[in-house]
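Chemist: What follows is a structure written as C-alpha cells; I'll ask about it next.
Any read-out appearing in this document is the output of simple, stated calculations on the displayed coordinates, not a laboratory observation. Model, not experiment: these values are computed from the prediction. No Cβ is skipped: glycine too gets one built from the backbone with ideal geometry, and neighbour counts run over all protein chains shown.
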Amino acid sequence: MTELATRPSATAQKTARPAARPNRRRWRRLTTPVVLVVLWETSSRVGVLPEEKLPPISEVVRAGWRLAEDGTLATHLLDSLARAGAGLAIGVGLALVLGSIAGLLRLGDDLVDPPVQMARMLPHLALVPLLIIWVGIGESLKVTLVALGVFYPMYFNLYAGIRDIDERLVEAARTCGLGAVARIRHVVLPGTLPALFLGLRLATGAAWLSLVVGETVATQSGIGFLMMEAREFSQTNVVLVGLFIYALLGLLSDLILRAVERRTLTWRRGLQAT
Amino acid sequence: MATRPTGDVVTATGVRRVFGDTVVLDGIDLTIGSGEVVALLGGSGSGKTTLLRILAGLDQDATGDWQVRGNLAVVFQEHRLLPWKRVADNVALGVPGPDVQRRTAAALTEVGLAGRERAWPAELSGGQSQRVAVARALVREPDLLLLDEPFGALDALTRLRMQALFGRLRAEHGFAALLVTHDVEEALLLADRTLVLAGGRVVDDTPVPLTHPRAPDDPGFGALRRHLLDRLGVPAAA
Ligand SMILES: Nc1ncnc2c1ncn2[C@@H]1O[C@H](COP(=O)(O)OP(=O)(O)OP(=O)(O)O)[C@@H](O)[C@H]1O
Ligand SMILES: [Mg+2]
C-alpha cells in the first residue's frame, strides 16, 4: 500500500474515535485500582502482609461498619466537622475582609498586603508548638490551625481575583453612571467569583489537612482522636477507617463546591446555559 | 424624540494632557453643537483616544477647561459587555426608572437584536456584541455619543452594516457625536464635520456639506477624501 492510500483511512479513524473512546478509557483507568485492592486483600489474607501492618480491606470495611453502627463514628465525625466548620468560617471571613481591603483600597494594599505576604513564608503547620503556648491544647488550637490554613488560599485568590478584574469593564460601568458601590456590586464582585470559588476549594483542602494535624494533638474526640487511640491499641483497621473518612470528606466537599460553582457561574458556559 | 438642549453639547478650550515628558494634547479647542456629528481623525498615537477619554470623564489628570452638557454615552472599540450579565442587564446597567425593561427591549430592537434579551455576551458574535454596546448607549437617550473606533474591530461587511445603522439611529434620535476613526471614508459618510489631530493640536477642521444618504461616489466626496488624506500625511496615489 502506498503512503497516499493509507492516509485517508488514518484520518477517518481519528475522527471516528472520540465517540467510542471515553467509556473504554474510563474502564481502563479503573483497572489498576481494582487490581491493587484485590492484591491487598489476598496478600493480607494469605499472610504475605502482616495483619498488624495492613489488615485486609474487608476488615477495614467491617471495622468502619461496626463504628458506624454503634454511633462512635457519627460522634467523632460531628466533632471533626464542627472544628472544620468553625475554622473555615473564621478563616474565610477574615480572608474576605482583609482581601477586600487590600484588593480594593490602595492604602489597604500598602498596609495589609506586606505583612500577609511575609507571614505566608511560614508553613502554618509548623506553628503548632507556638500555638500550643499561645492558645493551649484545647479546641481553640484545632480551630486556629484550620482558620490559619484556610486564610491564605482564600486571601490570595481573592486579592488576585480583584486585581485581575478588567479595568476596561470598570471604566465602561463608570460611563454607564455607576458609582463606586454599584461598580463593586456589578463588576468587581461577579468578576471575582471564579477566583473566590477556586480559593474556597483550596481552602477546604487546607482545612482538612490542618484538621488532620490538629487532631493528633491531645484530643478527646474527632476522627484524628479515633485514629490515635486505635494506633495505641494496634487496631490498624480503625486507623485505616479514619484515613478513608478524611479522604471521603475531601472528595465530598470538593464535589459539592464544584456543583455550586457550576450553578453560580452559568455565564461562563455560554450556549449550554440557556 | 426628547427635546435637545439648544447650544453646544461640548465646549473645550486649551485641553492639555501630558504623559511623563510626552505632550499628547497641547491645547485642544473644540465645540460640538447640539445634534452635530464630528469625526476625529489622526494618525496612530496622535491622542484621539486620550481626548475622548477626557470628555468621557475617565481622565483625572488632564488640564484646561471643558464641559459636556446633557446625557453622555460611550461606545468603545471593544464591546466591553459584562460577561456575567445577560444582554438585557448589560443594556440596562445603571439606567434608572420604572420602564427600563421596555426601553431596553426597544433599544435592542433598534439595533436588530429583538428577542436576544436573555442571551449571554459569550453567545454573541463580535458584530452582535457591538450592537448591544450601541443599544447600551442608546437606552440612555444620549445628547452626546462618544465613539472610539466603534467599528474598527469588525469585518468589512459588518462595518458597512454598522455604519448604515449609525446613520439611521442618528437621523432618528438626533444625538450629537464625536466619532474617533481611522477610516476617512467612514468619517465622510457619517460626519457633519471632520477634525484632524496632529502634534497635539487640531490641525484641520473641515465641514462635510454633503446630503444624506451619502455614498463614496457622490460628487464632492473624492475631493474631501483627498483633502483629508493629505492632512493625514498620506501621499496621493497616482
Ligand atoms: N496611560 C498612558 N500612559 C502613558 N502614555 C500614554 C497613556 N495613554 C496614552 N499614552 C500615549 O499617548 C499617546 C496618544 O495615545 P492615544 O491612545 O490617545 O492615541 P490614539 O490617537 O487613540 O491612537 P490609535 O489611533 O492608535 O488608537 C500615545 O503616544 C500613547 O503612547
Ligand atoms: Mg485610540
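Chemist: Note down the nm distance, to one decimal, between modelled labels 7 Å out along Cα→Cβ at residue A:106 and at residue A:32.
Modeler: It is 5.3 nm.
Chemist: With unit charges on the beta carbon (Lys/Arg positive, Asp/Glu negative), name the residue among B:49, B:74, B:25 whose Cα is farthest towards the positive pole of the charge dipole of segment B:20-86.
Modeler: The Cα lying farthest towards the positive end belongs to B:74.
Chemist: Sticking with the crude label model, points 7 Å out along Cα→Cβ, report the distance from residue B:125 to residue B:109 in nm, one decimal please.
Modeler: 2.4
Chemist: Which whole-Hz couplings ³J(HN,Hα) result when phi for each residue of segment A:221-234 is put into the Karplus expression 6.51 cos²θ - 1.76 cosθ + 1.60, θ = phi - 60°, listed in order with x for Gly and Pro?
Modeler: Each residue of segment A:221-234 in turn: 7, x, 4, x, 4, 3, 5, 5, 5, 4, 4, 4, 9, 6 Hz.
Chemist: Two decimals, Cα atoms only, Kirkwood Rh: what is Rg/Rh over segment B:16-68? Could you put the intermediate results ahead of the total?
Modeler: Numbers: Rg = 11.4 Å, Rh = 12.0 Å.
Ratio value, two decimals: 0.95.
Chemist: Fewest Cβ neighbours within 10 Å first, please rank A:142, B:85, B:48, A:53 accordingly. Before the final figure, lay out each step's value.
Modeler: On the way: A:142 29, B:85 18, B:48 23, A:53 8.
Ordered by Cβ neighbours within 10 Å, fewest first: A:53, B:85, B:48, A:142.
Chemist: Right, something else. Starting from the Kirkwood radius over alpha-carbon pairs of segment B:81-140, derive D by Stokes-Einstein at 25 °C in a medium of 0.890 mPa s and give it in µm² s⁻¹.
Modeler: Values: Rh = 10.9 Å.
Stokes-Einstein gives a translational diffusion coefficient of 224 µm²/s.
Chemist: Another question about this same structure. Per 0.36 nm of contour for each residue apart, how much would the distance between residue A:43 and residue A:167 grow if the chain were fully extended, relative to their Cα-Cα spacing? If you can, show how the numbers build up before the last one.
Modeler: On the way: separation 124, 0.36 × 124 = 44.64 nm, distance 6.12 nm.
Difference between extended and current length: 38.5 nm.
Chemist: Non-local amide H neighbours of residue B:202 (under 5 Å, H modeled in plane, Pro and chain starts lacking H): which ones?
Modeler: B:29
Chemist: Which FRET efficiency value, to the nearest 0.05, do you get for residue A:130 and residue A:259 by plugging their Cβ-Cβ distance into 1/(1 + (r/R0)^6) with R0 = 45 Å?
Modeler: On the way: r = 38 Å, r/R0 = 0.84.
About 0.75, to the nearest 0.05.
Chemist: Can you run phi through the Karplus equation (6.51, -1.76, 1.60; θ = phi - 60°) for segment B:190-198 and list ³J(HN,Hα) in whole Hz, with x for Gly and Pro?
Modeler: 10, 9, 8, 7, 10, 10, 10, 9, 7
Chemist: Normalised by the number of residues in segment A:117-274, what is the relative contact order in percent for Cα pairs under 8 Å and 6+ residues apart?
Modeler: Numbers: 126 pairs, mean separation 37.9, N = 158.
Once normalised by length, the contact order is 24 percent.
Chemist: On to the next question. Near the amide H of residue B:9, under 5 Å away, which other amide H atoms are found, from residues 5 or more places off or on another chain, if H is placed in the peptide plane?
Modeler: HN-HN under 5 Å from residue B:9: B:32, B:33, B:34.
Chemist: Sticking with this one: Counting pairs of alpha carbon atoms under 8 Å apart in space and at least six apart in sequence, what relative contact order in percent does chain A give? Please report the intermediate quantities before stating the final value.
Modeler: Details: 255 pairs, mean separation 58.9, N = 274.
The value is 22 percent.
Chemist: Normalised by the empirical 2.2 N^0.38 Å for globular proteins, what value does the Cα Rg of segment A:62-186 take? Display every interim value, and only then the final one.
Modeler: Working: Rg = 20.2 Å, N = 125, 2.2 N^0.38 = 13.8 Å.
Against the empirical 2.2 N^0.38 Å value, I get 1.47 for segment A:62-186.
Chemist: Between residue B:141 and residue A:81, what FRET efficiency comes out of the Förster formula 1/(1 + (r/R0)^6) with R0 = 51 Å and r the beta carbon distance, rounded to 0.05?
Modeler: Values: r = 56 Å, r/R0 = 1.09.
FRET efficiency, residue A:81 to residue B:141: 0.35.
Chemist: Could I ask something else about it? Return the calculated 222 nm mean residue ellipticity for chain A, to the nearest 500 deg cm²/dmol, obtained by summing -39500 (n - 2.57) across DSSP H runs with n ≥ 4 and dividing by the residue count.
Modeler: On the way: 11 runs with 215 residues, N = 274.
Per the formula, -27000 deg cm²/dmol.
Chemist: Quick one: which residues, 5+ away or cross-chain, put their amide H under 5 Å from the amide H of residue B:143? H built at 1.01 Å from N.
Modeler: Correct list: B:71, B:72.
Chemist: Round to the nearest 0.05 the FRET efficiency obtained for residue B:160 and residue B:69 when R0 = 41 Å and r is the Cβ-Cβ distance.
Modeler: Values: r = 32 Å, r/R0 = 0.79.
Computed FRET efficiency for residue B:160 and residue B:69: 0.80.
Chemist: Mind checking the dipole of chain B: about its Cα centre, +1 per Lys or Arg Cβ, -1 per Asp or Glu Cβ, Debye to the nearest 20? Intermediate values should be presented prior to the final figure.
Modeler: Working: 26 positive and 29 negative charges, 128 e Å.
Roughly 620 debye for chain B.
Chemist: With a ≥ b ≥ c taken as the square roots of the eigenvalues of the C-alpha gyration tensor of chain A, please select rounded if a/c is under 1.5 and otherwise prolate if a/b is larger than b/c or oblate if it is not?
Modeler: Numbers: a/c = 2.58, a/b = 1.11, b/c = 2.31.
Cα axes put chain A in the oblate bin.
Chemist: With +1 on the Cβ of every Lys and Arg and -1 on the Cβ of every Asp and Glu, and nothing else charged, how large is the dipole of the protein assembly as shown about its Cα centre, in debye rounded to the nearest 20?
Modeler: Working: 55 positive and 50 negative charges, 350 e Å.
That gives the protein assembly as shown a dipole magnitude of about 1680 debye.
Chemist: For chain B, would you read off the P(r) tail past 22 Å as a percentage of all alpha carbon pairs? Spell out each step's value before the answer.
Modeler: Values: 15174 of 28203 pairs.
Everything past 22 Å amounts to 54 percent.
Chemist: Using Cα pairs closer than 8 Å and at least 6 residues apart in sequence, work out the relative contact order for segment B:81-140, in percent. Don't skip to the end; give the middle numbers.
Modeler: Working: 76 pairs, mean separation 28.0, N = 60.
In percent, rounded to a whole number, it is 47.
Chemist: log₁₀ I(q)/I(0) of the protein assembly as shown at q = 0.05 Å⁻¹, via Debye over equal Cα point scatterers, no solvent, to two decimals?
Modeler: With no solvent term, the Cα-only Debye profile gives -0.37.
Chemist: What does the helix-only formula give at 222 nm for chain B: each DSSP H stretch with n ≥ 4 adding -39500 (n - 2.57), the total divided by the residues, and the result rounded to the nearest 500 deg cm²/dmol?
Modeler: Numbers: 7 runs with 73 residues, N = 238.
Calculated mean residue ellipticity at 222 nm is -9000 deg cm²/dmol.
Chemist: Could I ask something else about it? Determine how many Å³ per residue the convex hull of the Cα atoms of segment A:146-244 encloses. Don't skip to the answer; put the middle values down first.
Modeler: Working: hull volume 9.7 nm³, N = 99.
Residue-normalised Cα hull volume stands at 98 Å³.
Chemist: What dipole magnitude, in Debye to the nearest 20, does segment A:62-264 give about its Cα centre under +1 on Lys/Arg Cβ and -1 on Asp/Glu Cβ?
Modeler: Values: 16 positive and 16 negative charges, 91 e Å.
Computed charge dipole of segment A:62-264: roughly 440 debye.
Chemist: Arrange A:118, A:228 by Cβ neighbour counts within 10 Å, fewest through most, would you?
Modeler: On the way: A:118 9, A:228 17.
If I rank by nearby Cβ atoms, fewest first, I get A:118, A:228.
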